[in-house]
1. Counting each DSSP H run of 4 or more residues in the chain as -39500 (n - 2.57), what helix-only mean residue ellipticity at 222 nm follows after dividing by all residues, to the nearest 500 deg cm²/dmol?
2. Once fully extended, how much extra length lies between THR108 and LYS144, figured as 0.36 nm per residue of separation less the alpha-carbon to alpha-carbon distance?
3. Give the average over all directions of the projected area of the C-alpha convex hull of the chain, one decimal, in nm².
4. Of the residues SER117, SER26, SER42, which exhibits the maximal mean-square fluctuation in a Gaussian network model of the chain defined by a 10 Å Cα contact cut-off?
Amino acid sequence: MTGARTQHIVPAGIVLAVAIIVAWLSFTEEPTEAFLFPRIISVAFVGLAVWNMYRAAAGLARVGGGIDGRTALNVLPGLIVALAFVFFAATALGFYVAGTLTFLAIYTIYDPTPLSSLNGWVRRIIVTAVFMAVMYGLFALLLKVQTPRGMFF
């Protein structure tokens, strides 16, 4: 197996494993009504992950040459913030409060505007507020999904 092919199979396998775990959790957790939307999404996620794994194993995934070290280092801060949200902040602070802080943190990390710019902070806060309003409208009002409740909301 070539190195380029391995660079496609390993991530595809990891994504497939995560998809299966998420689907299994969505079908085994209670209350069942709260997990209807996650079940639908997780089944689609598993289907796409199986298709992705098939393409990687068959050698059909020939796009790109993998991630170089510089790109991985650029992605790492956002990945750390996102993992902190998933594993700690969402349940400790509540989905919407933690989501707001996470979105603002990731936006701030990757925004090229200097941290000393008042206009940059105004834009970050407005975009974060609009994004979270859309998330609230989508999850709470439209889909009626039960989100993690924490200390605040």
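Values in this text are rule-based calculations from the coordinates and carry no lab data. For clarity, every value in this text was computed on a predicted model and none was experimentally measured.
1. -22500 deg cm²/dmol
2. Between THR108 and LYS144, full extension yields 10.0 nm more.
3. Directional mean of the projected Cα hull area for the chain stands at 11.2 nm².
4. Largest GNM mean-square fluctuation: SER117.
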